[in-house]
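Report on one structure; see the data block that follows.
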Amino acid sequence: MAQLKTILTHLSESIFDGSYVEKSQCICFLIALALGAFSILLSLTLLLTDLNTINMNREGYQELLEISSICSLYNLILAMLGNLIKNKDNRVYAHACIFSYVLINVLILFYIGVYSMGTGIALAGAPIIGLILFDRHLIFTGLGSGVIIFIGFNIFLLTNNLEYAPIVQHQIAPYRDPIWLMTMLTFVSVHLGLLVYIGHTSITRWKQREAEVTFLSTTDPLTLLSNRRHLMEHYHQEYQRAIRQQSPISIFLVDLDHFKQVNDTYGHLCGDEALKMAAKTLKDTLRETDLVGRYGGEEFLVILPDTNGRAAVQVADRFRRALQANPIHLSDGHQLNITASIGLNTTTPKHVSELDHFLASADKALYEAKNNGRNQVTIAMESENAA
């Protein structure tokens, strides 16, 4: 039991860290290639072999072999298209794969006479493929199409418009009995419910892990603002968008005044509280379209898309006054007033090569604010529309 538990744990970890997905895609592609090659040989066999000489039902087996050949070639084409498509999230292709998987399996299993078991196997593949592709909508496509095909075949069977398992010679009356069919439908429904639950739970777990990883990789753990890497990515995107749209963009750098002295005098816990309070004040001050992140240490960077200099100054000064008006309450009953120096810059950019200089000018304005007495907003010399 311990060994089995270890194996299942490793399998679960491999599935959700993505390695299983890559291996599964490679394996599926190789299988599709093998099926394609086999289908070609099968087609040649159909042309060269007289099925009566090997004591088979010629009509039934020829239909099965023809269907198998066509299905295998179709799978090969899908696999090759999948490797050629650059957009791996192409939803039309993904749904086509799921539908073909269900349809092909139901057809083949119907012809070889294991419809009751085959239906469950074919429909079970939909959650499995959906799990590999990590899209719950694909599960619903597979299950929905499979159930429709299943019901359709049974209607044709009940009305004697379709022969069940044409390649085998045995009594088929039970497959036309309504009670037997209802029994099988009941069994399949319970089975599918379990499969849907497993598939949905697995995908939900993957999505949660993906969201957690994204959050951890883009968020500063102390302030819960964007970290520097995510912040700079957003800054580059907004700067390039401003170039395309010829719209203004403003930024301002915030530095908490005398922060080292706060740490040395009151301890790092108090310093952390100051950072968290500044972060909260910034978030409360800004619009939803603005982005603020921790730039480093006690510095924050604020990005204001589509904002001219005058509006940016108002936002920056509103934050400065709000921060000054909210002191930190210490455990000994005293209050600690926190202020900030701000360097601001605004431009309507023309070239992406100016991106670093634009940020450097805001940084220079920040240190001018600190040198001129702190607790103020200083505008960069080349900033436009800030008067």
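Brief remarks follow.
- The simple spin-label model puts a point 7 Å past each Cα toward its Cβ; for ASN160 and VAL352 those points are separated by 7.3 nm.
- Residues whose amide H lies under 5 Å from that of LEU162, counting only those 5 or more places away or on a different chain, are absent; hydrogens are built 1.01 Å from N in the peptide plane.
- Highest-first arrangement of 152-159, 293-300, where packing means the average Cβ count within 10 Å: 293-300, 152-159
- Near ASP290, once Lys and Arg are set to +1 and Asp and Glu to -1 for all other residues with Cβ below 13 Å from its Cβ, the sum equals -1.
- The protection proxy used here, the mean number of other Cβ atoms lying within 10 Å of each residue, ranks peptides 218-229, 320-331 as follows, highest first: 218-229, 320-331.
- Members of LYS280/LYS370; LYS260/LYS370; LYS207/LYS276 lying beyond 25 Å, as alpha-carbon distances in this model show: LYS207/LYS276
- Counting neighbouring beta carbons within 10 Å and listing from fewest to most, the residues VAL213, VAL147, VAL92 come out as VAL92, VAL213, VAL147.
- Estimated dipole of the stretch 228-379 in Debye, rounded to 20 [Cβ of Lys and Arg +1, of Asp and Glu -1, Cα centre]: 320
- Among 356-366, 256-266, the order from most to least packed when residues are scored by Cβ within 10 Å on average: 356-366, 256-266
Read the figures in this text as sums done on the coordinates, not as results from a lab. Please read these numbers as outputs of a predicted model, since none were measured by experiment. Neighbour counts run over all protein chains shown; Cβ positions are idealised from the backbone, glycine included.
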